[in-house]
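What follows is one structure encoded as structure tokens, with my remarks underneath.
The values are calculated or read from the model by the stated rules, or taken from the named source; none is laboratory data. Bear in mind that the values here come from a model prediction, so they are computed numbers and not experimental data. FYI the Cβ positions are ideal-geometry reconstructions off the backbone, even for glycines, and counts take in every protein chain you see. Quick note on the areas: whole protein, heavy atoms, side chains included, nothing else; ligands and nucleic acids left out. Shrake-Rupley method; radii C 1.70, N 1.55, O 1.52, S 1.80 Å.
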Amino acid sequence: MERGCLTLDLEVFELFSIIGTIAFAMSGAVVAMEEKYDILGVFILALVTAFGGGVIRNVLIGIPVATLWNQGLFLKIGVIAAAVAFILPLKWIRHWRRIEAFFDAIGLSAFAIQGALYAAHMNHPVTVVMVAACLTGMGGGMIRDLLAGRKPLVLHDEIYAVWAMLAGMVIGLGWFTTSVELLALFFIVIILRMFSVYYKWKLPRRTLQKLN
């Protein structure tokens, strides 16, 4: 099957968008509270985390950035998720921090698949589909960390971007096209991400700092 004939199930596509928006908005809000931002900062960081990757992707693949303002439902979901995070009892937030990696994996998987579907539906090459998946899945988190004054987690912690690129590759090659297959891919990416967290899988790295 050619990618131009990719089955783009609207309900599944919206499901990925909703899941990713909630997961990343909550993540951004929690990071903002960790950095002692005020309520405005909490909402800004939550929305930037939820939508930053999509904006970067749109610029890359030629979708007008202004389409963001047509996503009223998802903007409302992001605002509600940030508000819920802001009013949650502290003990619940501490519990969230213990399972934050899991929800981050959900957001990564959902948005990576969403970004790959966007690019594949526009008949872009596999490499562009992979980049779109990667930027959509991790772009918001990178902006979040930079605004919070942190080193971007996705560039130095456990394997992260690789799983988004993997999702983009299999979608770009047309290996996963139906709703059932895309849902299976969604869970596969989550599992691989959590394995990399649990077993602390890392990509090779090299430092230029002198050893004592």
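Observations on the structure shown:
- Under the criterion of Cα pairs below 8 Å and six or more residues apart, the relative contact order for segment 86-212 equals 29 percent.
- Quotient of C-alpha Rg and 2.2 N^0.38 Å, computed over segment 125-212: 1.26
- Neighbourhood net charge (13 Å Cβ-Cβ; Lys/Arg +1, Asp/Glu -1) for L45: -1
- 1.4 Å probe accessible area per residue over the chain, in Å²: 53 Å²
- The portion of the accessible surface of the chain made up by carbon and sulfur, rounded to a whole percent, is 69 (1.4 Å probe; DNA, RNA and ligands excluded).
- Cubic angstrom per residue, convex hull over Cα atoms of the chain: 136 Å³
- For segment 29-96, the equivalent ellipsoid built from the Cα gyration tensor has semi-axes of 27, 12, 9 Å, listed from largest to smallest.
- Scanning the chain for trypsin sites (Lys or Arg not before Pro) in DSSP loops with at most 16 neighbouring Cβ atoms within 10 Å leaves 37-149 as the longest stretch between them.
- Reachable lysines from K76, criterion Cα separation under 26 angstrom, eight or more residues apart if same chain: K36, K91
- Share of Cα-Cα pairs in segment 79-183 lying beyond 22 Å, as whole percent: 39 percent
- Estimated translational D of segment 166-212 in µm²/s (Stokes, Kirkwood radius over Cα pairs; 20 °C; 1.002 mPa s): 163 µm²/s
- Based on Cα contacts under 8 Å between residues 6+ apart, the chain shows a relative contact order of 27 percent.
- Modelled spin labels at N70 and K36, positioned 7 Å past Cα toward Cβ, are 4.4 nm from each other.
- Order of exposure, largest accessible area first, which applies to Y198, Y160, Y118 with probe 1.4 Å: Y198, Y118, Y160
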